[in-house]
Amino acid sequence: MTKSEIEATAFHEAGHAVMAWLCARNIGKVTIEPVDDEAGSVSHAEYGESAVGLPIFGDGEEGLYVIMPDESPRPLSDIERWLYEFSYKLEWEAEEWEKQALIAFAGEAVDLITAPESFHPGTVASDRASFDEAISEGDGNAEVIHEWAKSIFTEPTIWKSVSALADKLISQGTLSGNDTLKLLRAVALDGGVV
């Protein structure tokens, strides 16, 4: 692959991984190394295989709070509040098919942002098949899912997470689920990079 193809693949797969994380999916591995006929992939872990996921949010007498691994409860930062509201909406208001469709379209949504002039919808057959399957399971409108996914990636912290993950994929090729989730947590919640 050329340097530009590697970068495009890294951003594409980072989009899938970030959306999977936002939909509270366990990530097994993210890679930009070719697998079969795919330029890269995001695999999902079985429940419990991935140790670092979304934080635990609560609503107590003092208001919303967050519990991170190995931490005491504390008030939410602005981005934690946004992530809480977003993940709450996805978890309780979105149907399973919508989450699957968002994850399937996430790579293309990122492609639209990074290279709109060279974007060709449905070029990744497995993404298109997953998206079409998810839409057919619900009463879905593909355009609504497309717009929803694109709007998610316009949130600056979410885009920063995509960029940081893409950069790490470019330098390392493959990240385990735990390494991916630690990086996303550090960028999105702590504002730093691992």
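The values are calculated or read from the model by the stated rules, or taken from the named source; none is laboratory data. A quick note: this is a predicted structure, and the numbers were derived from the prediction, not measured. Here the Cβ positions follow ideal geometry from the backbone for every residue, glycine too, while neighbour counts run over all protein chains shown. Accessible surface areas use protein heavy atoms only, side chains included; no ligands, DNA or RNA. Shrake-Rupley method; radii C 1.70, N 1.55, O 1.52, S 1.80 Å.
Listed by first and then second residue, the pairs linking a residue in segment 1-27 that is β-branched (V, I, T) to a residue that is outside any helix (DSSP H, G or I) and crowded, with 23+ Cβ neighbours inside 10 Å, with Cβ atoms under 6 Å apart and 6 or more places separating them unless they lie on different chains, are T9/I32; T9/G40. Of the residues making up segment 140-183, those that are hydroxyl-bearing (S, T, Y), open to solvent by less than 50 Å² (accessible area, probe 1.4 Å) and either under 19 Å from E85 (Cα atoms) or in a helix (DSSP H, G or I) (or both) number 4. As a summary of the residue check, P73 satisfies the conditions (1) open to solvent by 30 Å² or more (accessible area, probe 1.4 Å); (2) at pLDDT 80 or above except for the one numbered (2). Checking the stated criteria, P34 turns out to be modelled with pLDDT of 80 or more, out of contact with any strand residue (DSSP E or B) (no Cβ under 7 Å at 6 or more places or on another chain) and exposed (fewer than 15 other Cβ atoms within 10 Å of the Cβ).
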